[in-house]
Every structure is written in structure tokens, then in C-alpha cells.
1. Let me spell out the model: positive unit charges on the Cβ of Lys and Arg, negative unit charges on the Cβ of Asp and Glu, origin at the Cα centre of the protein assembly as shown. What dipole size does that give, in debye rounded to 20?
2. In the structure displayed, which of B:86/B:118; A:48/B:118; A:48/B:86; A:43/B:118; A:51/B:118; A:154/A:182 lie more than 18 Å apart, Cα to Cα?
3. What relative contact order, as a whole-number percentage, does chain B give when Cα pairs under 8 Å and 6 or more residues apart are counted?
4. Round to the nearest 10 and give me the degree value, 0 to 90, for the angle of helix B:62-83's Cα axis relative to the longest principal axis of chain B.
5. What are the extents of the Cα atoms of chain B along their three principal axes, in Å, largest first?
6. Give the angle, between 0 and 90 degrees and rounded to the nearest 10, that separates the Cα long axis of helix B:208-239 from the longest principal axis of the Cα atoms of chain B.
7. Please determine, in degrees from 0 to 90 and to the nearest 10, the orientation of helix B:245-286 with respect to the longest principal axis defined by the Cα atoms of chain B, where the helix direction is its Cα long axis.
8. For a quick check, take a GNM of chain A with Cα springs below 10 Å and name the residue from A:118, A:152, A:23 with the largest mean-square fluctuation.
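The values are calculated or read from the model by the stated rules, or taken from the named source; none is laboratory data. Small disclaimer: the values here were computed from a predicted structure and weren't measured. When we count neighbours, we look across all protein chains shown, and the Cβ atoms used for this are built from the backbone with ideal geometry, even at glycine. Heavy atoms of the whole protein, side chains included, go into the accessibility calculation; ligands, DNA and RNA do not. Shrake-Rupley method; radii C 1.70, N 1.55, O 1.52, S 1.80 Å.
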Amino acid sequence: MLSLSTIVLAESEGTTYNPIIPAPYDLLWSTVIFVVIVVAFVKFILPKLQKVLDERAELIEGGISKAEKAQAEAAAALEEYTAQLTEARAEAARIREDARAEATQILSESRDKASVEAERIAATAQKQIEAERQQAVVSLRTEVGSLATELASKIVGEALADDARQQRIVNGFLDDLESTVKAEA
Amino acid sequence: MRILALEGALHAAVAQTSDDASSDSSGFFGWLFGSDGFHAPSISEFYPDALAFAGTIFEFNRIELVRVIAAFFMILIFWLVARSAKIVPGRGQAVVEMVLDFVRVQIVEEVMGKERAKRFVPFLTTLFIAIVFFNMTGVIPFLNIAGTSLIGLPIIMALWVYVMYLSVGIKKHGLGGYLKANLFPPGVPKPIYLLLTPIEFLQVFILRPATLALRLAANMIAGHLLLVLCFAATQYFFFEATGALKAAGVVSLAAGFGFTLFEIFVALLQAYVFVMLSSVYLNMALEEEH
């Protein structure tokens, strides 16, 4: 300030000026100009720019939240798929286990059934054989009796003349018997 | 500092000047076109002849014209950008947004915090841009004088900030509360108030606005005088001086170039300082504890 006043004093001719005392016209025009600028900026220009800035911020934030949502959705889907996969695997294992158990059961069941069947068949065969044998014994018994009777009557009928005849009769009987057995077989 | 350095140069220059030459008060055009010896820059540069309404309160001179031109271009440029502002910015819009962002983030929010800054950002942004534009006219060819170098505009700006911080302070704390918080800061032994209260009173009610206005105007005045000195000297050395002195013009021209760059820096710096201090004062007015 001191040096400014020195400059003022250096102005040896004409009017002296004091640069820190404003002239009335200076204040008037400054006020007019500054008020115009402030009104133009604060009322019109800056709000317009601010609106664009806000819109941009909103857009960016919207994009970010959208991306976040998508990411969350993807993570949820992945989790779900993983859960499903685990479940499916468990189910497959369970099914395999069941199948194996069932197969074992079926196998053992059929084995039991087969052995029962075999036993039954064997028993039936045994019974049949036994029955046939019984039948054979019965028929043999009756046939042997009649044969013996027939033979005896034949022997008696031929009056047993000689040994040769006797021999012939026995041979004939045996031949008969043989042919009977052959025919039966 | 700068002004003190300048003083020596001025005295030397004035000593060189003939009485005849210094009585020429046609200012800018005088030293630009006149060729009758060296014209020292003087404070009368800031009081050019009226262009209209001479002698009335409506007196309109070259500096007011420069201010009107600066204001016109300032509003025009920002209006054009704002009108065609898009969500995806073009180059011009990106620059404008960078400026707005700088003021908001680096100055206002830095001082006040995000919440409190909101209501002051529009005005302080306008203030910053206006000061930059009015300062820059000092280095723009054919304008050649800063709109803020005449004290009226800095005073109006400082007064606006002054009224603003007083009113938000009083609105928040009440008149009594605001005065008590500012003039009788708590946590001080009672006798100290004898010393502290007058100082605080000077601070809040006189020094803050006064220093705001003076700092800006003084910087711009000094810058203008420096530039005029450099270019007037160059003019003198090249066209008036004889012999070896002509070579000195190269030095003064280089100095003028350097100071022009420096003035651009000062123009931005002073806008930053003015808005930064305004934010600080507004913030202090709203602070719970002084």
C-alpha cells in the first residue's frame, strides 16, 4: 500500500489517483456486470451443466447396479446348478446302489427258486422212479406168479417124459421170457 | 514484494522521462502509438478517458468496456457449452467440466466437506470463472488490462462473499451466537479478551473482505505495470534509443514475454486464492466452535 501511494505521488502532473478507493462509476458498472454474470451462471448455465452431470452419474450408477444384479443372478444360478448337480450325483449313486442291491436280491432269489425247483424236480423224478419200480415189482410179482404157474402147468402137461423134453421145455420157457422182456423193453 | 521491486524501476524510469512526455495522459494508446520518448507506466493507466457519460456515475471507459467484453465472452462460451451439453461430453464440454470439477472438489469440498459445500458450489464456481476471465484480459492483446485491476470489481466480489458469510453465520447461530463465537472465542482466559476481541472484530468485519479485494486488485495492478514497463521499454529501446541501447530491447522484450506467462499464472493463482479464502470464511461462519 505504501508503494502504491508512492506510485500515486509519482504522478506529478494532472489528477492524482488512489487505486484502493473505488470511483462511483467503477462500483456501479462492477455491480451490474457481476450480478449479470452470477445470475446467468447460477440460474441458467450451471444448473444445465449440473443436470447433465447428474444424468451421467445416474447412468453410471445404474449401469453399475445392473452389472451387480447380473453378477448376483449369475452367482445364484451357479449355486443352484451346483446344488442340482450334487443332488443328481447323489441320486445316481443311490439308484446304482439300489440296483445293485436289487440285482443281488434277484440273483439270490432266483438261485433259491432254482434250487427249490431242482429239488422239486429231483423229488418228482425220485417219486416217479419209485412208483415205476413199485409198479414193476407189482407187475413182476403177478407175472412171475402166472409165468411160474404157466410153466408148471406146461411141465405138468407134457408129462415130463424125458430129460430132453424137459430140457426143451425149460429152454422154450426161457426164450419166451426173453422175448417178453424184449417186447416190454 | 513485486510492487516494491517495481518502485525502484519506476523511479528510474520517471527520472528519465521529460516533463513533456509524462504530461501525456492518453494512457494505453499514448504509449502504443506515441513516439516522443519513453513513457513510464503510471497509475493513470487505470483511469483512461471516458468513452461515454463522462463525469457522471454512469461514466463508461475502456476498462468497463474490457469488463463487458470479458463478461460477454464468459457467458457466451459457457452458455454454448451448457446448451449443447451431452451425457457423453465433447472436447469443449470436457474442459468446462474439468474446471467445474476442480473448483468443486479441489477447493470447496476440500475446505467444507461434501455436504456443506453443496449450497455454495454454484456461486463459488461462478466467482472462480469470473475472476479468471477478468484477470486474463490483462494478457489478451488489445484488451491488455485486467478487469479486476480497477478496485471496484474486487470490492463488489469481496462484499458479496462478506455479506454471504455474515448472513449464513447469523442464520445458523443467531446474531448473538455468531458474535459471541467470533468475538469471544471459548477456551481463553477472560483478560485475554481485551486483546483478542478487537483483533477478532477487525478480522471478521474489516480485514477479511478488505484483504480479499486488495490482494486481487494489487496483484493485477502490479502485473499490468510490469507488462507495460517491459513493452514500453522495448518500444523505446528499439525505436527511440540509439546505438548499443537498442540491443537492450531484446532483453526487455524477453522479460515482457516471461512476465506475460507469469501473469497468466498469477491470474489463475489469484482466482484460486480468492475462492479458497471465500470457502474458508464461509466454512468458519458455519463452524460450531470457532
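1. Numbers: 38 positive and 51 negative charges, 384 e Å.
In debye, rounded to 20, the protein assembly as shown gives about 1840.
2. Values: B:86/B:118 22 Å; A:48/B:118 16 Å; A:48/B:86 10 Å; A:43/B:118 15 Å; A:51/B:118 14 Å; A:154/A:182 22 Å.
Long pairs (Cα-Cα over 18 Å): B:86/B:118; A:154/A:182.
3. Working: 285 pairs, mean separation 66.1, N = 290.
Relative contact order comes out at 23 percent.
4. For helix B:62-83, the angle is close to 60 degrees.
5. Extents along the principal axes, in whole Å: 69, 59, 39.
6. Once rounded, the angle reads 10 degrees.
7. For B:245-286 against chain B, the angle is about 10 degrees.
8. Ranking A:118, A:152, A:23 by mean-square fluctuation puts A:23 first.
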